[in-house]
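See structure below.
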Amino acid sequence: MKKKIRFFQSVNFKIAIAFILLLLISIEIIGAYFIRELEQNTITDFENLTNAQVESLAKNLTDELEKSDVSRTEANENIRKVLDDFVSSDTLEARVVDDRGLVRATTDLTKQNDVGKKNDLKDLNDFSNSRKKEIIDSGKRVWINIEPIYSSTGTTPIGVLYVRSNIESRYNDVNDVALIFFTASLIAGAVSIVVAVLIARSITRPIDEMKEQALRIARGDYSGKVKVYGQDELGQLAETFNALSEQIEETQDAMEAERNRLDSVLSHMNDGVIATDRRGKVIIINEMAMDLLSVTSEEALGQSILKLLDIEEDYTLRKLLEEPGEILIDFAEKEISEDFILKVDFSMIRRESGFISGLVCVLHDVTEQEKNEKERRDFVSNVSHELRTPLTSMRSYIEALSDGAWENPEVAPSFLKVTLEETDRMIRMINDLLNLSRMDAGNTQLQTEYVNFNELVNFVLDRFDMIVQNEEDPRKKYVIKREFTTRALWVEVDTDKIIQVLDNIMNNAIKYSPDGGVITCTLIETHNNVIFSVRDQGLGIPKKDLNKIFERFYRVDKARSRAQGGTGLGLAISKEVMKAHGGDIWVTSEEGRGSAFYISLPYEPYEEDWWE
Ligand code: ADP
């Protein structure tokens, strides 16, 4: 993530180089201009001064050249004196030549022999006008003045003055100054490099620190602060940066807290929640959803929602997005798992801009709900069916009676008896249904009292003994065997309702034991339950029906049950009654060999001295 900046790309380098270049350019411009001006001024001054001096010297020499009262040698010496007075350190040679072309005097000590001889300098053959020029003489610059010397009358030249001056030294002076300037600029350059680097670093250091801090923030570390070096723009930037990083941290914290809250809400929800991205890939899945779908988060995350819910065949993502809503997935149908129905609510996640960013699915296990719903539907159809059967048979008997059978004394009484029996059965069934529906609605208040359960059971069984003894049909011989604990078991029950349960179990034992046999009734206590069981030697119940016989209207053999006047509701009512008492009812059976029904009631054994 962090790209290394090469030195030549750095702001540090750029600022330093800009600084130095600026400095060098200004020094160069100033230097060039200054040196040129200096050179011009120095040389022009020198030339002007020399010219003026030479001119005035030429005038001074008129007298000496015109003098005729002295000998030539004397005159020459005088001229030489005038020349010597004039000579300065810059003068290389001053020479006077007269109108006959003879050298009258020269300041050059090496050329004293030329005095009185013919002049050998070509330039001096013409002395009609004054001339000045710069020449190079043996590698050095020399300033030449040739000035005619006029007679006192002022018109005819009577000689010429020749002066050679050393101008090279002036140039050297200028060069010296230029050298000093050059050295100074080198020093200034060197110093400016140091200063530029320092200034550049003072600018880039806070920027560097801010860069580092930004990288730390990107990594999620908010602990650092950028140092504020001053109140300039960079200082203000650093302060703003610090404030910004604090704000980001706060926002991050708030988001984190929000996320945690959401996470804990999601994980504690009783519904499964799945969120997907735009392409339907799972991005969030909570514990409950993983449980419901039996997947791990690794398996689910990134997986397509259609695949995860196994609805690829019936739905497309487009369809879910276009018509979000509720669907039912029956996993039993898909043979994935037994009895498992999921309700999935789809809703779209839409941003304010209208952009669809995904789906949220809420999963709800509705197996129980759907089962109840199915039971309710089955119940209604069962009730109608159960009531229709006796009504149809009654209708046919009554029809036969009204068609004239009432006059037939042989059939009429039996027809009427059947009708009466069917009516009784319907009344029983309706009473049972009413009972059940009261219990379903939770409207039945148990009229509980403490009873000695041993006595209660004995009371019921005594009644059955009586029936057995008075039984007319000799084939049906029952023996009711009692295996009771000797200890008195006091329980808190609704006596009428418990008697109803006991009656029902005993009746069934007799009903479904066509060949009679022993009916063994056992009463025992466990640590906190009283258990009463009734074991017969009758038909027994096939294994597959064992769980179902407590359902409403369920009968193993409908015809047999009806023939015995059964409604198929007895065990369903018994179950509700036991549930209301906080007890239970269950069955074990072996087909063809008999069944055993058990009921249990909660029981707290009392200390013996409780009654004393
Ligand atoms: P029913 O009015 O048909 O007896 P119940 O609810 O009392 O209704 O019983 C439901 C079904 O359970 C009966 O139809 C019968 O098939 C079965 N059943 C109950 N008790 C016994 C038993 N002791 N032996 C065999 N089958 C029994």
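Read-outs throughout are calculated quantities, based only on the coordinates presented, and are distinct from any laboratory measurement. Everything quoted here is computed from the prediction, not taken from an experiment. Here Cβ is always computed from backbone atoms with ideal geometry, including for glycine, and neighbour counts include all displayed protein chains.
Candidates are the residues of the stretch 560-601 that are outside any loop (DSSP other than H, G, I, E, B), in contact (Cβ under 8 Å) with a residue 40 or more places away in the chain and more than 22 Å from Lys544 (Cβ to Cβ); the one that is farthest from the ligand (Cβ to nearest atom) is Leu601.
The residues of the stretch 355-371 that are surrounded by fewer than 12 Cβ atoms within 10 Å (Cβ to Cβ) and in a helix (DSSP H, G or I) amount to a single one, Glu368. All of (1) of a type in the set (Gly, Ala, Ser); (2) in contact with a helix residue (DSSP H, G or I) (Cβ under 7 Å, 6 or more places away or on another chain); (3) surrounded by fewer than 14 Cβ atoms within 10 Å (Cβ to Cβ) hold for Ala32 with one exception: (2). Scanning the stretch 511-533 for residues that are closer than 16 Å to Val457 by Cα, within 16 Å of the ligand (Cβ to nearest atom) and surrounded by fewer than 21 Cβ atoms within 10 Å (Cβ to Cβ) gives Thr520, Thr522, Ser533. In the stretch 117-222, counting only strands (runs of 3 or more DSSP E) that sit wholly within it, the ones holding 1 or more residues that are hydroxyl-bearing (Ser, Thr, Tyr) and touching a residue at least 24 places away in the same chain (Cβ under 8 Å) span 140-150, 157-166.
Evaluate the following for Glu93: is it charged (D, E, K, R), in contact with a helix residue (DSSP H, G or I) (Cβ under 8 Å, 6 or more places away or on another chain) and closer than 29 Å to Val177 by Cβ? Yes; evaluated as a whole, the condition is true for this residue.
Considering only residues that are part of a helix (DSSP H, G or I) and of a type in the set (S, T, N, Q), look in the stretch 476-510 and name the one that is nearest to the ligand (Cβ to nearest atom).
Among residues in the stretch 476-510 that are part of a helix (DSSP H, G or I) and of a type in the set (S, T, N, Q), the one nearest to the ligand (Cβ to nearest atom) is Asn508.
Residues in the stretch 590-599 that are touching a helix residue (DSSP H, G or I) at 6+ places or on another chain (Cβ under 8 Å) and buried (at least 20 other Cβ atoms within 10 Å of the Cβ): 3 in all.
A residue that is in a helix (DSSP H, G or I) and without any contact (Cβ under 8 Å) to a residue 12 or more places away in the chain occurs somewhere in the stretch 438-447. Considered as a group, the residues in the stretch 254-278 that are under 18 Å from Leu293 (Cβ atoms) and of a type in the set (Gly, Ala, Ser) include one that is farthest from the chain's Cα centre (by Cα), and that residue is Gly272.
Considering only residues that are closer than 21 Å to Pro514 by Cα, in contact (Cβ under 8 Å) with a residue 40 or more places away in the chain, within 9 Å of the ligand (Cβ to nearest atom) and not acidic (Asp, Glu), which ones fall in the stretch 536-559? Result: Gly538, Leu539, Gly540, Ile541.
Taking the stretch 231-304 and the helices (runs of 4 or more DSSP H) fully enclosed by it, the elements with 1 or more residues that are closer than 22 Å to Ala218 by Cβ are at 233-268.
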